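Have a look at the structure below before the remarks.
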Amino acid sequence: MRRSLLTLALLTVLLVPLTSLIDAQGSPFHTGDVLAAWTPGSLDIHQLVTGRGNAAFLMFPDGTTLLIDAGDVAGAGANGRTAAQFIARYVRHMAAGDARLDYAVITHFHGDHIGAISGTEPESLHGHYRLRGITEVTEELPVARLIDRGWPDYSYLPPQADATFTNYRRFVTDNDAAKRITMTQAEAGSTTQVRQVRHPDPQLPFEVRIVAVNDRVWTGQENETKVRFPPLDKIPDRADWPDENMCSIALRIRYGPFSYFTGGDMPGYPVPGAAAWHDEETDVARAIGRTDVHVVNHHGSLEDENPFWLATLRSRVMIVPAWSATHPSPDVLKRMLSRRIYPEPRDIFVTLFREATQAATGPRAADVASAHGHIVVRVEPGGTRYWVLVLDDMTESYRITSVHGPYRAG
Ligand SMILES: [Zn+2]
């Protein structure tokens, strides 16, 4: 027993020298341990691996919970579960004893963010809609408030009336009518739509701002916003219209000196010939400035992460919410790693960097800090320092597979 422990210790020292170094400095986190529970004052941000779409779970310093997206597209999921079953089990574990969602934010209405409906999914007990993605999460866990880009009339750039959105619309209509969920349309510039609601301390330097949604973007000045797209009737060619991705809700969270950004599938690198306003990253970068941690836009697809965006945010940590074999695109990864765009060090964490994608990317694929696993950003009380902890995604052990940090915010 003692010998095997010794071997294990030796292996740990040999295989994870960086972690051991940090451990020697008194890290509270150790590879192999189950992640210690959130404690009051900390901000936890979990980017989950379901293999079926986007989902992030957050716990604010006062314990308020937020789910950003609950995507589920067809395909094999984690441990044979649907994305929603996996998300619910994860939230129940992390929010031990009080697993309710104070907020859910749906960035936009695509299946990898809300759950794709084929017509074979089970039906809800609460209304005339089927269960997949966000509708299924809501059946598993109580959701108090839901924020999307269109409630109640979904009139700006009406989402495609396919089975997925039609089902979603029935879900929100039924749950609003039954007063189970308070529905809100996201408003650019707002710092009051998402806030601490469990044990709020107004003195605490914590803020969630809606930076952009639909055709509006925050300017960075007070709560001022501007219109970023021309009126739709002034865009003669329908192919040039903004699309669903471009209407994504984007959020910036600040806690003391710490800052974090997540913006759904907003683009920043227009296809050749497209109008300049198809680049949304530049306006958002001007508004938010330097940002410690950002979730890479549109899963790292090829029309994202432009040089101005990267050079303005100068993020120390980037999280790629990858689920498909096209995530991240090799040229996007090249830009993200470029020391010409900004010279400071950066660590890139990918939720699921598939082997085929790594092979197509070449040697640069090895430059990421983590190629798979749930990515947890744990911000210490006050927001001065944070850690990134990668959790095992092969089982539901919630064990730490690598420790990164501490990073100094600001
Ligand atoms: Zn997406």
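What follows draws every value from the coordinates through simple rules; no lab data is involved. All values derive from a computational prediction rather than experimental measurement. All Cβ positions, glycine included, derive from the backbone under ideal geometry; neighbour counts span all protein chains shown.
Along the Cα→Cβ direction, 7 angstrom out, place labels at ARG170 and GLU123. What is the inter-label distance in nm?
The modelled label-to-label distance comes out at 0.8 nm.
When the distances between all Cα atoms of the chain are binned every 10 Å from zero, what whole-number percent does each bin get?
5, 23, 34, 26, 9, 2, 0, 0
ASP201: net charge of surrounding residues, Cβ under 14 Å, Lys/Arg +1, Asp/Glu -1, itself excluded?
Net local charge, ASP201 excluded: 0.
Thinking of segment 45-119 as a set of Cα atoms, what percent of all their pairs are more than 20 Å apart?
On the way: 741 of 2775 pairs.
Percent of Cα pairs beyond 20 Å in segment 45-119: 27.
Work out, step by step, the length gained on full extension between GLU187 and ALA275: first 0.36 nm times the residue separation, then minus their alpha carbon distance; give nm to one decimal.
Computed gain between GLU187 and ALA275 is 29.2 nm.
Between ASP162 and LYS334, what is the label-point separation in nm under the 7 Å Cα-to-beta-carbon projection?
The modelled label-to-label distance comes out at 3.1 nm.
Counting pairs of alpha carbon atoms under 8 Å apart in space and at least six apart in sequence, what relative contact order in percent does the chain give? Don't skip to the end; give the middle numbers.
Working: 921 pairs, mean separation 62.2, N = 410.
Worked out over the chain, it gives 15 percent.
I'd like the FRET efficiency for VAL34 and ALA74, computed as 1/(1 + (r/R0)^6) with the beta carbon distance as r and R0 of 45 Å, rounded to 0.05.
0.90
Can you give the net charge of the other residues whose Cβ lies under 12 Å from the Cβ of LYS334, counting K and R as +1 and D and E as -1?
Net charge in that neighbourhood comes out at +1.
Suppose every K and R has +1 on its Cβ and every D and E has -1 on its Cβ; what is the size of the dipole of the chain about the Cα centre, in Debye to the nearest 20?
The dipole of the chain has a size of about 1020 debye.
Please return the longest stretch of the chain lacking exposed loop sites, where trypsin sites (Lys or Arg not before Pro) count only if DSSP places them in a loop and at most 13 other Cβ atoms lie within 10 Å.
180-289
Segment 104-219: Rg/Rh from Cα coordinates, Kirkwood Rh?
Rounded to two decimals, Rg/Rh equals 0.99.
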